[in-house]
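The values are calculated or read from the model by the stated rules, or taken from the named source; none is laboratory data. What you see is a predicted model; the values in this text were computed from it and never measured. Backbone-built Cβ (ideal geometry, glycine too); neighbour counts: all protein chains shown.
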Amino acid sequence: MSRRWAGELVMSVTILLMGSSYPFAKQVLATMSPLLYSGSRYIVAGLFLLAVLVVTRQPLALQRRDWLPMLVLSIVGVGVFQATWGWGMARTPPSIGSIVMTTTTAFSAILAWIGGRRLPALGWLGIVVAFAGVVIVVNNSLGGVTLQLGNLSGALFWMLSAFAWALYVDRCMPYNARLGNLRVIAWTTLIGGLLLTLLSLGFDSLTEFGRLSTAQWGYWLYTAIFPVGVAFLGLSFGFERLGVSHTMVYMYFMPVAAVALSAVFFGDPLTPARVLGGLTVLLGVILTRVALDRAARLR
């Protein structure tokens, strides 16, 4: 029982940390470009996770055959994921991003179907409901169509980010089983952060760090270590103590944390449309998750 409750407690804290990245990242992106911000903080997070492996005396090195897969996973799971995450965040309020990102479950279901796994009708219904909720959130009005180009393009970036993360998690599974969750996350985080930072220097300048205020420096360091480094440790702990399905249920509460923190600390408006849209997305991903679990039990 204590093992289970430890997992529940750790996951509760983990979700708060992950949700907090949205409003705090928005503050840094007022000054720093999305690519440089995302890449640089993932370098710090990757070094932190590798240090944890060293301190806990877990295997660190990769075999030669694993370097190419880790590189590809880094490009998808950090390069594409974080680049589109940053571009989406720069264009929309944090609450929109945190809600749209929950469609990761819908994309996971689609990938499972493409991979030959049966998806019940309930799963397809959940996918439709989730994406309908995204439309409501982005429209941000219950009285008519008020779609704005900025929010629409931002939402598209968020959806691409959600797809990239779903693809990364799906393709990581065999490597997690053989190498361990933490080693895979640590190396892909560091490699992806380095690649994204190098790419950003073709467009941006390191002088952007000099323009950060003291508060923004604090937000940058916080979002590097806690919502990424520490939160990834929490996810690994949750997978071990609670299992994948139970742990993923906690992800449904991440937008709640993000929206609440955005509203309380930075005044991000919580409109009726965003509340309704967020609840609709949540219903959709829950239906999809239930369908995936049922399909897995029937295999």
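Worth a mention:
- Residue within region 73-80 that is at pLDDT 95 or above, more than 15 Å from P227 (Cβ to Cβ) and of a type outside the set (A, V, I, L, M) present: yes
- So I15, is it touching a helix residue (DSSP H, G or I) at 6+ places or on another chain (Cβ under 6 Å), surrounded by 15 or more Cβ atoms within 10 Å (Cβ to Cβ) and either over 25 Å from L261 (Cα atoms) or without any contact (Cβ under 8 Å) to a residue 40 or more places away in the chain (or both): no
- Elements of the type helices (runs of 4 or more DSSP H) sitting completely within region 162-244 and holding at least 2 residues that are at pLDDT 90 or above: these cover 181-200, 214-224.
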